[in-house]
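Presented below is the structure to which this report refers.
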C-alpha cells in the first residue's frame with residue numbers, strides 16, 4: 001500500500017467539488033485504487049530500480065567479455081587464414097603426383113624431399129632411360145677417376161643391416 005491517505009475528510013472534498021456527490025465518490029474511488037496499486041513506499045521502488053540496474057551492469061560485463069572473446073577468435077581466424085595462404089604458396093611450388101602405383105610415384109613439376117628412403121627390393125635407384133657410363137674417360141683409379149684425388153664424400157648405404165659406402169668425387 002502507498003503512504004497516501006486512505007481518506008480525505010468529506011467536508012474538504014465538498015468544498016473542492018462544490019458539493020457534487022458523484023465527483024466526491026469518483027475521487028474517493030480513485031484514492032482507493034492508487035493506494036492498492038502503488039508500492040507501500042518508495043524504498044521498494046528504489047530496491048527494484050537498484051536490482052534492475054545491477055542486472056544491467058552484469059549484462060554489460062557479460063557483453064564485454066563476449067566481445068573480448070570474439071576479438072581473440074577473430075585474431076585466431078586471421079592467423080589461420082595467413083597460415084593457409086602460406087601453405088598454399090608452398091603447395092604451389094611442389095610438384096604434382098601424376099601417377100602412383102604399388103612400385104612407384106611419379107612427381108612432375110617439383111621436388112620431393114625425403115628424410116629416409118627405404119627400398120624394399122634390390123634396386124637402389126632405377127631409371128627409365130640409359131645412364132651415361134662415361135666409359136673411356138679414364139681408367140678407374142683413386143688418382144684419376146672421375147677426377148684425380150680422393151673422394152670428396154662417402155654415401156653410407158644400409159644394405160639390409162650391413163653398412164656400405166659409395167665414393168663421390
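Computed from the coordinates by the stated procedures, all read-outs in this text should not be read as laboratory data. Computed from a predicted model, the values in this text were never measured in an experiment. FYI the Cβ positions are ideal-geometry reconstructions off the backbone, even for glycines, and counts take in every protein chain you see.
Here is a check on your reading of the model: is residue 84 surrounded by 10 or more Cβ atoms within 10 Å (Cβ to Cβ) and either touching a helix residue (DSSP H, G or I) at 6+ places or on another chain (Cβ under 6 Å) or at positive phi (or both)?
No: the conditions fail for residue 84.
If you check 16, 45, 63, 34, which single one turns out to be surrounded by 10 or more Cβ atoms within 10 Å (Cβ to Cβ) and touching a residue at least 24 places away in the same chain (Cβ under 8 Å)?
Being surrounded by 10 or more Cβ atoms within 10 Å (Cβ to Cβ) and touching a residue at least 24 places away in the same chain (Cβ under 8 Å) holds for just one of 16, 45, 63, 34, which is 34.
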